[in-house]
Amino acid sequence: MAKKQQNGNQVRDALRVNGELPDPASSPVGPEKKEKGGKKLATAGERLASLQEALYAEGAGGGERSVLLVLQGMDTSGKGGTVGHVLGLVNPMGVQYSGFKKPTAAERRHDFLWRIKRRLPTPGHLGVFDRSHYEDILVPRVLGQLGAAERRQRYTQINAFEKELADNGTTVLKVFLHISPEEQLRRLTARLDRPEKRWKFDPSDIEARRQWPAYQSAYEDVFKRTSTGHAPWFVVPADRKWYRNWAVAELLIETLTELDPQFPEPGYDIEEQRIALKGVDVTG
């Protein structure tokens, strides 16, 4: 993937799925060193917060638009870390977070999109999915529980669902956090070595790691079948956490900049209210 300079939508252009995936430790666009990446993330945080505030205000004023950030990736790729470091830069009142684990018995009694539709962002909000409807293709496929015909049906349902979201004012930003098996091994080992991280470790992570090639093939198929004009996939190299955070922040900034959310005009006469405010006697 050719190196590009950040300009306009260059981050989205550089990270959009387009054939071969980048090296998980590479910098296809933007900073190459951690120190510079940290400084750029701080600057990006200011821009992101300003844009998100405008979106939130637009929704409060009757606007119907929202943004949905979908985060997918192998275990330890940093979905939770991305939420903390990137979404922690904005006003939490304007963020709606949902984490999707294995479906419950109640959820399995419904169509696989049922639980997803219940957690979509409301107007003016930035929604975040930590895992998503794509788990209902990836996991059962790897486990041999979903045949080719059923997968095709689900791809069709997902594409129609995301098109409906786009048509109704929700911009879907789908991000795959791309980690190498070597880096995953280091992170899983660290969870076992450090007492304060052991709560994050699940023995099932070992079995999922054994299925690494199968998951990579499943993801490749997902990208090919569901990366569309209205909801494209982006791949963020995630071996370096600082780069991952910067890239996701910039993807959000470019997406919101293109939306250009507007602060609503007040439904009152500004000068009239200024005069009335000055005339209030609070001395008792």
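The values are calculated or read from the model by the stated rules, or taken from the named source; none is laboratory data. Because the structure is predicted, anything quoted here is derived from the model rather than measured. When we count neighbours, we look across all protein chains shown, and the Cβ atoms used for this are built from the backbone with ideal geometry, even at glycine. Areas reflect the complete protein model, heavy atoms only, side chains present, ligands, DNA and RNA absent. Shrake-Rupley method; radii C 1.70, N 1.55, O 1.52, S 1.80 Å.
Every residue, every condition in (1) closer than 12 Å to residue 17 by Cα; (2) open to solvent by 80 Å² or more (accessible area, probe 1.4 Å); (3) assigned to a helix (DSSP H, G or I); (4) of a type in the set (Gly, Ala, Ser), yes or no:
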{"site": "176", "(1), (2), (3), (4)": "yes, no, no, no"}
{"site": "185", "(1), (2), (3), (4)": "no, yes, yes, no"}
{"site": "198", "(1), (2), (3), (4)": "no, yes, yes, no"}
{"site": "215", "(1), (2), (3), (4)": "no, no, yes, no"}
{"site": "218", "(1), (2), (3), (4)": "no, no, yes, yes"}
{"site": "224", "(1), (2), (3), (4)": "yes, yes, yes, no"}
{"site": "242", "(1), (2), (3), (4)": "no, no, yes, no"}
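Pairing residues of the range 131-159 that are under 19 Å from residue 227 (Cα atoms) and part of a loop (DSSP other than H, G, I, E, B) with residues that are at pLDDT below 95 and of a type in the set (Ser, Thr, Tyr), at Cβ distances under 8 Å and at least 6 apart in sequence or on separate chains, gives no pairs at all.
The helices (runs of 4 or more DSSP H) located wholly in the range 11-110 that include 3 or more residues which are of a type in the set (D, E, K, R) and open to solvent by 30 Å² or more (accessible area, probe 1.4 Å) occupy 34-60.
The criterion of being crowded, with 16+ Cβ neighbours inside 10 Å, over 30 Å from residue 256 (Cβ atoms) and modelled with pLDDT of 95 or more holds for residue 141. Residues that are within 26 Å of the chain's Cα centre (by Cα), farther than 21 Å from residue 15 by Cα and in contact (Cβ under 8 Å) with a residue 24 or more places away in the chain within the range 252-284 comprise 261, 262, 263, listed in sequence order.
Being within 26 Å of residue 43 (Cα to Cα), out of contact with any Leu (no Cβ under 9 Å at 6 or more places or on another chain) and not in a helix (DSSP H, G or I) is a description that applies to residue 263. Flag not set for residue 189, criterion: assigned to a strand (DSSP E or B), open to solvent by 10 Å² or more (accessible area, probe 1.4 Å) and polar (S, T, N, Q).
Cβ-Cβ distances below 8 Å connect the following pairs, each with a first residue in the range 1-20 that is more than 24 Å from residue 226 (Cβ to Cβ), a second residue that is open to solvent by 60 Å² or more (accessible area, probe 1.4 Å) and at pLDDT 95 or above, and a separation of six or more residues or different chains: 4/13. Among the residues of the range 161-187, the ones that are in contact with a Phe, Trp or Tyr (Cβ under 7 Å, 6 or more places away or on another chain) and touching a residue at least 40 places away in the same chain (Cβ under 8 Å) come to 3 in all. Residues that are out of contact with any strand residue (DSSP E or B) (no Cβ under 8 Å at 6 or more places or on another chain) and either open to solvent by less than 10 Å² (accessible area, probe 1.4 Å) or not acidic (Asp, Glu) (or both) were ranked within the range 117-137; the one that is farthest from residue 174 (Cα to Cα) is 118.
Read through the list (1) in a helix (DSSP H, G or I); (2) among the β-branched types (Val, Ile, Thr); (3) surrounded by fewer than 18 Cβ atoms within 10 Å (Cβ to Cβ), then give the number of the only condition that residue 228 fails. Every condition holds for residue 228 apart from (1).
Among residues of the range 191-219 that are under 17 Å from residue 178 (Cβ atoms) and modelled with pLDDT of 95 or more, those with a beta-carbon under 7 Å from a residue that is open to solvent by 40 Å² or more (accessible area, probe 1.4 Å) and of a type outside the set (A, V, I, L, M) at least six positions away or on a different chain give the pairs 212/181; 218/141.
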